[in-house]
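The values are calculated or read from the model by the stated rules, or taken from the named source; none is laboratory data. Values in this document were obtained by computation on a predicted structure and should not be read as measured data. Backbone-built Cβ (ideal geometry, glycine too); neighbour counts: all protein chains shown.
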Amino acid sequence: MKCAVIIVGAGHGARHGGEIPKQYQSIDGVPVFRKTLDTFLEHPDIEDVVAVIAKGAEPFFSVIASGLRVQSVIGGDNRTASVLAGMQALAKTPPDLVLIHDAARPLVSKGLISRLITAASKNNQAIAPGLPVADALKRVGVSGEVSEDMSREKLAQVQTPQVFPFKVLFSAYTNLSATADFADDLAVARSAGMACSLIEGEPDNFKITRPGDLQRAERIIQTKTQITFVSGSGFDVHRLISGDQMILCGVPIMGNLALQGHSDADAALHALTDAMLGTIGAGDIGSHFPPSDEQWKGVSSTVFLEHALVLLQKSEARLVHIDLTIICERPKITPHREAMRLRLASLTGLALSHISVKATTTEGLGFTGRGEGLAVMANITVALLN
Ligand code: MG
């Protein structure tokens, strides 16, 4: 399924003389248009990017799009004519789906783009993001007098990107009269009888229109790129029994001791998994892999660790540091410490300098002192990318 996007930035923005059009102004140091282009260029499903720019805006555009694989075309007198110019640029090697997006919506998310493409390819129809109307709606006269209360039921605010099967939309566009002027592309599609549906849009995907909108976008970006560090802790104990090997930190330790319990009884990976789940509030290892479930019997505990890593990734959390303390009288941990750190590095992708494995005894006191069991405490740090 080949997807292309047309990014419409042909507006002149503020009519007041001399002001830079809003799509060329910067938020957080990046021009609005550039930010929008980057999001689509980074999306794995988008092959071609066409930017529609205003006549006379070429010098601005060449600066902000320098080095990008973007084709630019000059727009027309209104939005409809501008989109048509973009469609014509794509028609030589037509995509299956075309997304049409406002350059002035720089906070469009890759997730929204993916959801739209999935919905459009599944249903082979026009799909756009929409939001329910929260405020009361009134019809007002020129001097602000309210003439009618309107129901907001069944109404939606429609955003972009809007996605269409290219061929159908292109033929709708080529059949329009030269003076046609539609508010958006769903309106063009509907005028040609195409079925259109909405999926849930995103409040942050607003159009920079009013004074203060650039600052609002800037604030949103700053909150999103903020990194928060969160720590998690885990603790686990397994009984020591006689046997010819135990697994600790994924490393086999040969001798006359074994650990008894869930899976391969690797108390270190269990404590570590619990610490990771703790950073994202995702319960504990037992809730994901119940000990009563036969399928986990004897299984390598690396499975649990990998599961927790996937959950972290889904929460946009990145493991940055591991600090383990193994508490036992036997076996001696020091001879195995480096093998354990290397194993943890290969399991987690962390650098060795961010993996600590420590060991202590309890001076002969308690169950660990009597050699009845082995305990592990895990402390970890994750970076949350909000
Ligand atoms: Mg355990």
message: What pairs come out if I take residues in region 135-162 that are closer than 29 Å to Met194 by Cβ and touching a residue at least 60 places away in the same chain (Cβ under 8 Å) and pair them with residues that are among the charged types (D, E, K, R) and in a strand (DSSP E or B) whose C-beta lies under 8 Å away, six or more apart or interchain?
response: Thr160/Asp102
- request: Check Ala378, Ala345 and return the single one that is touching a strand residue (DSSP E or B) at 6+ places or on another chain (Cβ under 7 Å) and without any contact (Cβ under 8 Å) to a residue 40 or more places away in the chain.
  value: Ala345
- request: Give Val108, Val168, Val73 a once-over and let me know the one that is under 27 Å from Lys35 (Cβ atoms), in contact (Cβ under 8 Å) with a residue 24 or more places away in the chain and surrounded by 13 or more Cβ atoms within 10 Å (Cβ to Cβ).
  value: Val108
query: Name the residues in region 56-100 that are outside any loop (DSSP other than H, G, I, E, B) and over 31 Å from the mean Cα position of the chain (by Cα), would you?
result: Glu58, Pro59, Ile74, Thr80, Ala81, Leu84, Ala85, Gln88
field: Looking only at region 259-286, and only at residues there that are within 13 Å of the ligand (Cβ to nearest atom), under 31 Å from the mean Cα position of the chain (by Cα) and not hydrophobic (A, V, I, L, M, F, W, C), the one that is surrounded by the fewest Cβ atoms within 10 Å (Cβ to Cβ)
entry: Gly286
message: Whether any residue in region 305-317 is buried (at least 18 other Cβ atoms within 10 Å of the Cβ) and under 13 Å from Cys249 (Cα atoms) is what I want to check.
response: yes
query: Going by the structure shown, is Leu269 closer than 26 Å to Lys358 by Cβ, in contact with a His (Cβ under 6 Å, 6 or more places away or on another chain) and of a type outside the set (S, T, N, Q)?
result: no
message: Take Leu68 and tell me if it is out of contact with any Phe, Trp or Tyr (no Cβ under 9 Å at 6 or more places or on another chain), of a type in the set (A, V, I, L, M, F, W, C) and over 25 Å from Thr174 (Cα atoms).
response: yes
Filtered residues of region 220-235 (kept if β-branched (Val, Ile, Thr) and either within 12 Å of the ligand (Cβ to nearest atom) or surrounded by 12 or more Cβ atoms within 10 Å (Cβ to Cβ) (or both)): Ile220, Ile221, Val230
Evaluation of Lys138 against (1) of a type in the set (Lys, Arg); (2) under 32 Å from the mean Cα position of the chain (by Cα); (3) more than 19 Å from Val5 (Cα to Cα) (one fails), failing number: (2)
message: Checking the conditions here, which among Glu372, Glu329, Glu363 is in contact with a Ser or Thr (Cβ under 8 Å, 6 or more places away or on another chain) and of a type in the set (Asp, Glu)?
response: Glu329
task: Go through region 105-135 and count every residue that is modelled with pLDDT of 95 or more and more than 19 Å from Glu200 (Cβ to Cβ).
output: 1
- request: For region 236-258, enumerate the residues that are near the ligand (Cβ under 8 Å from one of its atoms) and either among the small types (Gly, Ala, Ser) or under 34 Å from the mean Cα position of the chain (by Cα) (or both).
  value: Asp236
field: Any hit, region 280-298, residues being touching a Phe, Trp or Tyr at 6+ places or on another chain (Cβ under 9 Å) and outside any helix (DSSP H, G or I)
entry: yes
statement: Within region 185-218, residues exposed (fewer than 12 other Cβ atoms within 10 Å of the Cβ), within 27 Å of the chain's Cα centre (by Cα) and over 30 Å from Phe170 (Cα atoms) come out as Gly212, Gln215
field: Filtered residue count, region 318-347, keeping only those that are closer than 21 Å to Asp284 by Cβ and surrounded by 21 or more Cβ atoms within 10 Å (Cβ to Cβ)
entry: 6
- line: When every residue in region 48-63 that is in contact with a Leu (Cβ under 8 Å, 6 or more places away or on another chain) and of a type in the set (A, V, I, L, M, F, W, C) is compared, the one surrounded by the most Cβ atoms within 10 Å (Cβ to Cβ) is Ala51
message: Checking Gly9 against (1) surrounded by 15 or more Cβ atoms within 10 Å (Cβ to Cβ); (2) out of contact with any helix residue (DSSP H, G or I) (no Cβ under 6 Å at 6 or more places or on another chain), only one condition comes out false. Which one?
response: (2)
- prompt: Condition test on Ile20, is it under 27 Å from Gln215 (Cβ atoms), aliphatic (A, V, I, L, M), modelled with pLDDT under 95 and not in a helix (DSSP H, G or I)?
  reply: yes
- prompt: So which residues in region 320-339 are in contact with a strand residue (DSSP E or B) (Cβ under 8 Å, 6 or more places away or on another chain) and within 11 Å of Thr368 (Cβ to Cβ), if there are any at all?
  reply: Ile326, Ile327, Cys328, Arg330
